[in-house]
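Reviewing the structure listed below.
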Amino acid sequence: MIDKFSKREKKGYTLIEMLVAVGILIVICAIAIPAVAGLRRSLEITKYDDVARQIYLVSQNKLTTMKTVGTLNTFCENIVKDEDYSERKLGFIGKEPQDFDGETDDWKKLYYFTDTDTVFIDYIIGNDSILNASLETGGHYLVELNPETGDVYGVFYGEEMFTYDDIMALASRGKSDRKEKMIGYYGGISELSQGIGLPDKFEPAVKVVNKEDLYLDIECSGMRKLIKNPENILLSVTITDERFRPDDTSNHSFTIELKGGRDFWISNDKAKVQVLLDSVRGGMESFQNITRGKLTPGDNITATVTITYAREGLTVTGSAVAPVTNSLFASKDVDENLAVSSVRHLNNLRSSNYSATGKDGLIITQTGAIDYDYSKWPAGSMISSYDIKRIHRIQIPLLPLQTHHYLIE
């Protein structure tokens, strides 16, 4: 009996067992294949949404710049006078965006433009690498915007050709309805309601650059939602010197205020700005003149950066304190001894820039190599390049000493 049973075991699976296994595999495939295909389409749509977002941000930045420099009116006039674009006005064709809030009829002022429209290409695209890259990959986009206010409403992107009728035929602008036609989207009300709004507070980051220029390199994330109205952002930089007292904020304190849309812009998710405090060029760009004589040249200084957004009862703010630095030199210790490491620091040793009265035994130490060939200065030594003709090394009195001074022309 045992031998017969063993021989039967060696024969393998029965037909019924094989059919059951195949049936299980068929069921698994029936479940998995559509799920994988759906996941793949979702990933593709997400990629298209990201391209649409890039086009949206670049277009909005360009329009905001045009509004500031006064060329937006020309753009608007070219659209209005061209009869071909009159049929692109949503008020004319009577098509309200599916995700418009419905509280106003501002949608009637929107126009739509495609990647083949000359006026949009000439004014908005230009040589922008991001927008041109989307064309090089064979992609197509459509932009809704208000030429009067310079506001972009929405951007669509897809690798297959599509029309505005295709957009308006969608049940909604949600991802699930766009997936069938594989069209990416960014903007409108949905862009502001995906849970990615303003943070509870801003957290600016401040870096001090103390080289041929002394400046603050300021950056703040979480600003994407404000790209349409940067004018409601105020960035203030308050600088105090060693003699500042909290109970007397009117003395030894100086504040610089910068307004969004005028003094700085939002790019992608960030606001970036550089604030000059002293320069190797001297003159009106010296520490004394920039701070209008309210701070003591040569003191160690502290800068507090505050960024505030205020509009329609909503206020978001945040601040950061920059590392302590010296206003004229690389550093100054508790004994008033100085360290220098750049041409600017050497220039600031002039008695007209820094008073050494009563500082007997002052020690000045060069802490690093100083290159007098300005063309070899590392990137970031100055905020931007200037036309420095040459640097003269001349002999003049500095402080109570007789040493070298470097004149910038």
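The values are calculated or read from the model by the stated rules, or taken from the named source; none is laboratory data. Model, not experiment: these values are computed from the prediction. So basically every Cβ, Gly included, is an ideal-geometry build from the backbone, and we count neighbours across all protein chains shown.
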* Of all residues in segment 318-354, which are surrounded by fewer than 15 Cβ atoms within 10 Å (Cβ to Cβ) and in contact (Cβ under 8 Å) with a residue 60 or more places away in the chain? -> 321, 323
* Output the residues belonging to segment 142-190 that are among the hydroxyl-bearing types (Ser, Thr, Tyr) and either on the phi > 0 side of the Ramachandran plot or surrounded by fewer than 21 Cβ atoms within 10 Å (Cβ to Cβ) (or both). => 149, 163, 164, 172, 176, 190
* To do: Return yes when residue 193 is part of a loop (DSSP other than H, G, I, E, B) and at pLDDT below 85 and no when it is not.
  => yes
* To do: Among residues belonging to segment 201-253 that are within 29 Å of residue 152 (Cα to Cα) and β-branched (Val, Ile, Thr), point out the one that is surrounded by the fewest Cβ atoms within 10 Å (Cβ to Cβ).
  => 227
* Structure fact -> Given (1) farther than 26 Å from residue 111 by Cα; (2) at pLDDT 90 or above; (3) under 20 Å from the mean Cα position of the chain (by Cα); (4) hydrophobic (A, V, I, L, M, F, W, C), residue 198 misses just (2)
* **Failed condition for residue 125, given (1) modelled with pLDDT under 80; (2) surrounded by fewer than 18 Cβ atoms within 10 Å (Cβ to Cβ)** => (2)
* Of the residues 315, 291, 357, which is free of Cβ contacts under 8 Å to residues at least 60 places away in the same chain and touching a Phe, Trp or Tyr at 6+ places or on another chain (Cβ under 6 Å)? -> 291
